[in-house]
Amino acid sequence: MTPAQAPLTLLRIPGDSPEALDTFWLREVFQGDRVPQLTLRAVLLGSGIGAITCATNLYAGLKMAVAFPVAITAALLAHTAHGAMRRVAPGVAGAPLSPLETCSAQAVASSAGYATGGALVSVQGAWLLTTGSHPPAWALLAWTFLLSALGVLFAVPLKRKLVDHEQLPFATGTAAAATIRALHTTGASSRPRLSMLGLGGGIAALVTLVRDGLGRLPYVFPFPGTLSGMSLERLGFGFEMSLLPLGAGALLGLRLTASWFLGALLIHGVVAPRVFASGLLLPDGDFLAWSLWPGTAALTTASLLHFALEGRVLGRALKGLFKRPSVAPHPVDALQVPGRWLLAGLVVLTPATLAVAKVGFGVPLPHAALAVALSFVLCLIACRVTGETDVTPVGPLGQVTQMTYGVLLPRNVEANLATAGITVNAASSAADLLSDAKTGHLLGAHPRRVFLAQLVGCAVGAAAVVPLFFLLVPDRSALGGERFPAPAATVTASIAQVLASGFSGLEPGTRAALGWAALAAAVLTLTERLLPERVRHWVPSPLGMGLACLLPASTALGFFLGGVAAALARRANPGVQEGRVVTLAAGLIAGEGLMGVVIVLSQALW
C-alpha cells in the first residue's frame, strides 16, 4: 500500500509546542522508514544534474554574478530525466522515482550546484585579480570540498530549531517540496496543481527566453521622473522583466516583502540622493557598492541580536551535542544526525582546513582557526536570513570577515581574501543544507539521509567545478573582459585592497552609516521581540530592511508585488487558492531557473 502523503498545502506543521510539532510530524508526515530515499540511482541522478548546474552557475557567476535557484530546477530535471529513461530503457530505469528519491537527487544536485561555486566566482576570482596567479590546484580542490562540508556540519545543530520548531519559510525549499508533491501526485486532484506549475513555468521560461536568449526585452523598464534632482532610473526604480522575484515573494509573505520594499524606498529614494550630493560617491558611482556596508551592518546586528535573545535555546541545542539530555528525548531526535557524527566530522575537517589555509593560502594558523570559529557565527546569520528571506547574504557576510581581518592582519590582502573564502563557502553550504532540510521536512524525509546527500553533493560539486574554473579562467587576463566581467570578483578584490589598511580605509560618512544601520536594526529587532503577538506583524522586518541595501529597488518591487498578489489570492479563497499559489510560485521560480540554465549552457557551448 502506498503511504499517505501530507497535503501539498501543509506549509506549516500544526502544534503549539516543540513536542506537539514533533509528534504531528512523526505521525502524519514522516515517510522515511517506508519509502525509498537515498538510493544509488537517486545519488547518481543527482550527481549528474549537480555537475551540470554547478557548471552553469559558475559560468553565470563569472558573466553576471548570478546564481540560479538549483533546488527546484534539480527536482524537475530529476523527475523528467528519469521519466525519459523509463521510456527508453525501462529495464534499467526501474520503477518510478519515489518523492523521497526525487528529494535525495535534488539535495545532491543542490549541494553540488549551489554551495561549491560561490567562493570561486567571488573570492578566488578576486585572489587571481590581486595576486596574478591561481593557488595550487590541489589546494583549491581540497579548500572547496572541506569548506562546503564544514558548512554542512555547522548547519546540523541549527536544523531542529530553525526548520522543525520555528518553521522558517525557506521559500526555495518550500517551493521544491511543493514541486515534488505536484510531480508525484496522481489523479484528478493533481491536475490543477500541475496546471499551475506548468503555467507558471511556461510563462517564466518564455519571458526569460525573450529577455536573455533573444535580447528582445530589457531586464528593467525604468520608471520616468526624478527624485531629489536624480532620475528614478539612476536610483534603480523600475519594473523588472523577471518573474522569479514574484514567485519568491509569494512564498515569503507580505510582511517580509513589504519591509523589503519599504527599505528600498528609504535607502534608494532618500539615502541615495544624499550620498551622491555629499560627494561620498561620484555621479557615475555604483550606489550598491556603497550601500552594502550599511546593509551588512543591519543584517549582522539583527541576526546576532536575535540569536543572543534566543541564547538559552541555542545553548541547549549546542549542549545537547556533547552530553546526553537529562529528559527523555522525543522519538524524532533519534532520526537526526547523531552528535558523534558531527564531532567526528569537526575533528577531521577542522585540522584539514587549517592545514590547507596555512600551506595553500599562507594564512597563519591562529588566524585561520579564528576564521573558522567566526564562520560558524556567520553561518547562524546566513541560515536565519535565508530562512526568512530566501536570500543567502554570503557577500555581506564575507565582507564581515574581510573587515575583521582588515584590522587583525592589515596590509595582508591574501589572508583577507582566504579567510573571506572560509565564510562564503561555509555560509552558502550551511544555508543550502537547511533549505534542503526544509524540503525534506515537508515531504517526510529521513533527516539523516538528507544530510548524507548534502555531503555527497559537496564532493561532486568540488570535483566538477574546480577543474572547470581552471578551464574557463586559465589566467588573470580571462577576467574583467567582455566574456567574463566577473563583477563579484572585482568588488571583493576592491574591498580587500581598501581594508588592507583597516577601518581607516572607509570614509567617515560610510562609518557613520554603518552605525546608524546597526542601531536601526537593533531597535526593530527589540521592538519586534517586546511587542504583543497581535501587533508584532506591523513592525518592519530588520532583515528585509537590510536586504534592501544589497539589491536594486526594482528587485524589491518584484518581491513586494509577489507578496501582495499571494495575500490577495489567499484572502479571496483560502482553502482553494493556497495550493495553487504555492505551485504557481514554484513554477515561476523553476521556469526562469531552467531557461536561464539552458541559455547559459548554450552560450558556453556555442
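The values are calculated or read from the model by the stated rules, or taken from the named source; none is laboratory data. Note that the coordinates shown come from a computational prediction; the quantities given were computed from them, not determined experimentally. We place every Cβ from the backbone using ideal geometry, glycine too, and count neighbours over all the protein chains shown.
Scanning the stretch 84-116 for residues that are under 18 Å from the mean Cα position of the chain (by Cα) and at pLDDT below 85 yields Gly113, Tyr114, Ala115, Thr116. Yes or no: the stretch 44-66 includes at least one residue that is over 25 Å from the mean Cα position of the chain (by Cα) and outside any loop (DSSP other than H, G, I, E, B). No. Only a single criterion out of (1) within 16 Å of Pro294 (Cβ to Cβ); (2) over 27 Å from the mean Cα position of the chain (by Cα) is not satisfied by Leu530, namely (1). Look at (1) at pLDDT 85 or above; (2) out of contact with any Asp or Glu (no Cβ under 6 Å at 6 or more places or on another chain); (3) closer than 30 Å to Leu197 by Cα and you find that Pro574 fails only one, number (1). Residues in the stretch 71-83 that are more than 20 Å from the chain's Cα centre (by Cα) and either at pLDDT below 80 or surrounded by fewer than 24 Cβ atoms within 10 Å (Cβ to Cβ) (or both): His79, Thr80, Ala81, His82, Gly83.
Taking the criterion of being among the small types (Gly, Ala, Ser), more than 22 Å from Phe145 (Cβ to Cβ) and in contact with a helix residue (DSSP H, G or I) (Cβ under 6 Å, 6 or more places away or on another chain), the only residue of the stretch 328-369 that qualifies is Gly339.
Is it true that Ala175 is at pLDDT below 85 and either over 22 Å from Arg448 (Cα atoms) or part of a helix (DSSP H, G or I) (or both)? Lay out the reasoning, then the answer.
Values: at pLDDT below 85: yes; either over 22 Å from Arg448 (Cα atoms) or part of a helix (DSSP H, G or I) (or both): yes.
It is true that Ala175 is at pLDDT below 85 and either over 22 Å from Arg448 (Cα atoms) or part of a helix (DSSP H, G or I) (or both).
Conditions (1) under 27 Å from Lys438 (Cα atoms); (2) at pLDDT 80 or above, marked per residue:
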position	(1), (2)
Ala463	yes, yes
Ser477	no, yes
Thr490	no, no
Gln497	no, no
Phe503	no, no
Ala513	no, yes
Ala520	no, yes
Leu543	yes, yes
Leu551	yes, yes
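Residues being within 18 Å of Val152 (Cα to Cα) and surrounded by fewer than 24 Cβ atoms within 10 Å (Cβ to Cβ) are represented in the stretch 354-364 by at least one member.
Residues checked against (1) more than 23 Å from Glu507 (Cα to Cα); (2) in a helix (DSSP H, G or I):
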site: Thr208; (1), (2): yes, yes
site: Asp212; (1), (2): yes, yes
site: Leu235; (1), (2): no, no
site: Leu246; (1), (2): yes, yes
site: Leu251; (1), (2): yes, yes
site: Trp260; (1), (2): yes, yes
site: Leu265; (1), (2): yes, yes
site: Pro283; (1), (2): no, no
site: Ala297; (1), (2): no, yes
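Consider the stretch 179-201 and keep the residues that are closer than 16 Å to Gln106 by Cβ and β-branched (Val, Ile, Thr). The one that is modelled with the lowest pLDDT is Thr179.
Residue-level check: of (1) over 20 Å from Thr131 (Cα atoms); (2) touching a Ser or Thr at 6+ places or on another chain (Cβ under 6 Å); (3) not hydroxyl-bearing (Ser, Thr, Tyr), Val413 misses just (1). Only one of the numbered conditions (1) surrounded by 17 or more Cβ atoms within 10 Å (Cβ to Cβ); (2) outside any loop (DSSP other than H, G, I, E, B) is not met by Pro540, and that is (2). When only residues in the stretch 250-275 that are in contact with a Leu (Cβ under 8 Å, 6 or more places away or on another chain) and more than 12 Å from Leu547 (Cβ to Cβ) count, which is modelled with the lowest pLDDT? Going through the qualifying residues, I end up with Ala250.
Consider the stretch 149-188 and keep the residues that are over 19 Å from Gly457 (Cα atoms) and charged (D, E, K, R). The one that is surrounded by the most Cβ atoms within 10 Å (Cβ to Cβ) is Arg181. Whenever a residue of the stretch 18-35 is under 15 Å from Ala177 (Cβ atoms), its partners that are of a type in the set (S, T, N, Q), lying with C-beta atoms within less than 9 angstrom and at least six residues away or across chains, give the pairs Val29/Gln5; Gln31/Gln5; Gln31/Gln37; Gln31/Ser98; Val35/Thr2; Val35/Ser98.
Consider Arg255 carefully, then state whether it is surrounded by fewer than 19 Cβ atoms within 10 Å (Cβ to Cβ), in a helix (DSSP H, G or I) and of a type in the set (Lys, Arg). Can you show your working first?
Details: surrounded by fewer than 19 Cβ atoms within 10 Å (Cβ to Cβ): yes; in a helix (DSSP H, G or I): yes; of a type in the set (Lys, Arg): yes.
Yes.
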